[in-house]
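Colleague: One structure, as structure tokens, below. Some questions next.
The values are calculated or read from the model by the stated rules, or taken from the named source; none is laboratory data. Here the structure is a predicted model, which is why all the values come from computation and not from measurement. FYI the Cβ positions are ideal-geometry reconstructions off the backbone, even for glycines, and counts take in every protein chain you see.
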Amino acid sequence: MKVLSVLCALLITVATAKQELSESQYRDAFTDWMISNQKSYSSSEFITRYNIFKTNFDYIEEWNSKGSETVLGLNKMADITNEEYRSLYLGKPFDASSLIGTKEEILFSNKFSSTVDWRKKGAVTHVKNQQSCSGCWSFSATGATEGAHKLANNGTNELVSLSEQNLIDCSTPFGNTGCNGGVITYAFEYIISNGGIDTEKSYPFEGTDGTCRYKSENSGATISSYVNVTFGSESSLESAVNVNPVACSIDASHSSFLFYKSGIYFEPACSRTNLDHGVLVVGYGTENSQSQDSSSEPNHSNYWIAKNSWGINGYILMSKDRDNMCGISTLASFPIV
């Protein structure tokens, strides 16, 4: 369709100064985006969302014009502000340093595989949609528990999708606040104390807080303990990822994370201790690139594979071995079955 070709043309980045767009070009791009994402607004809301879209469009074009290793693009959230994004999708930021030493920290081994991808081993469930619920912590916790359950008994167990709603509704006594945010390890504490967590099939996600409806007969997995990687150590995280998918808390507050499309995600403004989002690290690898000699700057082609609700089919490749970028190894843990 005509507007689609207009949008594609507008999204082609150049290494020169930002292009000045006409109002009709913005309007065509917004119309096509609305159609693609099945959006509709009242007359007054249309103007508000259109202006926000223009701001986000310009931000994405400006970012991409600089030739960053991170490529941004319009997604289903292109009509919300950064403030709305943080309110709807992220937890309340917390200072992770306050949780140092709350559980034993272990470095398993100094011998790592060059690449790891637990998806290829059948230890990762489908990408899930957290909707407009700041329950990302529950998705990280279930993801790590799903992996641990699958990999127990030499990997002979069935991969079972577990209930985020169970954690949202039932782990409040352990310090979590449902769709207003939570801490991954508090979710593990609940599962241990409760003696299990229900399956997603029996207790599906609703995207809002509810009353606790756990039923032991619907339990899909149990855990006995959990392990924290060494605070801020990417080598410890790498060691842990060789054992199990790992639940991590990160700083995802920047619009660059919101609009991540491809490439290796690197945000210089990221905090390493002020964290607000949960992801599941399911592996790591290195992007194909020309080798560098010893006199050149460090190679920044290493990445973590982070399961999210958006990105490359729900995954974000986050910069690895780059001074704990966005706090990826600040608060990282996984359960023991």
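Colleague: Here is a list of conditions, (1) out of contact with any strand residue (DSSP E or B) (no Cβ under 7 Å at 6 or more places or on another chain); (2) modelled with pLDDT of 95 or more, and Asn288 meets all of them except one; can you say which number that is?
Modeller: For Asn288, the exception is condition (2).
The rows are residues; the columns are (1) polar (S, T, N, Q); (2) farther than 29 Å from Met325 by Cβ; (3) in contact (Cβ under 8 Å) with a residue 40 or more places away in the chain.
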{"site": "Ser24", "(1), (2), (3)": "yes, yes, no"}
{"site": "Phe30", "(1), (2), (3)": "no, yes, no"}
{"site": "Ser36", "(1), (2), (3)": "yes, yes, no"}
{"site": "Lys39", "(1), (2), (3)": "no, yes, yes"}
{"site": "Arg49", "(1), (2), (3)": "no, yes, no"}
{"site": "Asn64", "(1), (2), (3)": "yes, no, yes"}
{"site": "Gly67", "(1), (2), (3)": "no, no, yes"}
{"site": "Thr70", "(1), (2), (3)": "yes, no, yes"}
{"site": "Gly73", "(1), (2), (3)": "no, no, yes"}
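Colleague: Shifting gears a bit: Need at least 2 residues that are among the hydroxyl-bearing types (Ser, Thr, Tyr) and not assigned by TED's automatic domain parsing to the domain that holds Ile60 per element, so show me which strands (runs of 3 or more DSSP E) inside the stretch 225-337 make the cut, counting only ones lying wholly within it.
Modeller: Values: elements: 225-228, 246-250, 260-265, 277-286, 302-312, 315-319, 331-336.
In the stretch 225-337, 225-228, 260-265, 277-286, 302-312, 315-319 are the strands (runs of 3 or more DSSP E) which contain 2 or more residues that are among the hydroxyl-bearing types (Ser, Thr, Tyr) and not assigned by TED's automatic domain parsing to the domain that holds Ile60.
Colleague: Tell me the residue from Asp169, Asp198 that is acidic (Asp, Glu), assigned by TED's automatic domain parsing to the domain that holds Ser253 and over 20 Å from Ser224 (Cα atoms), please.
Modeller: Unique residue meeting the criteria: Asp169.
Colleague: Regarding Cys170, is this residue modelled with pLDDT of 95 or more and more than 21 Å from the chain's Cα centre (by Cα)?
Modeller: Working: modelled with pLDDT of 95 or more: yes; more than 21 Å from the chain's Cα centre (by Cα): yes.
Yes: the conditions hold for Cys170.
Colleague: Quick one: in the stretch 153-167, which of the residues that are modelled with pLDDT of 95 or more and in a helix (DSSP H, G or I) is farthest from Tyr203 (Cα to Cα)?
Modeller: Leu167
Colleague: Give the number of residues within the stretch 39-86 that are part of a helix (DSSP H, G or I) and at pLDDT 95 or above.
Modeller: 26
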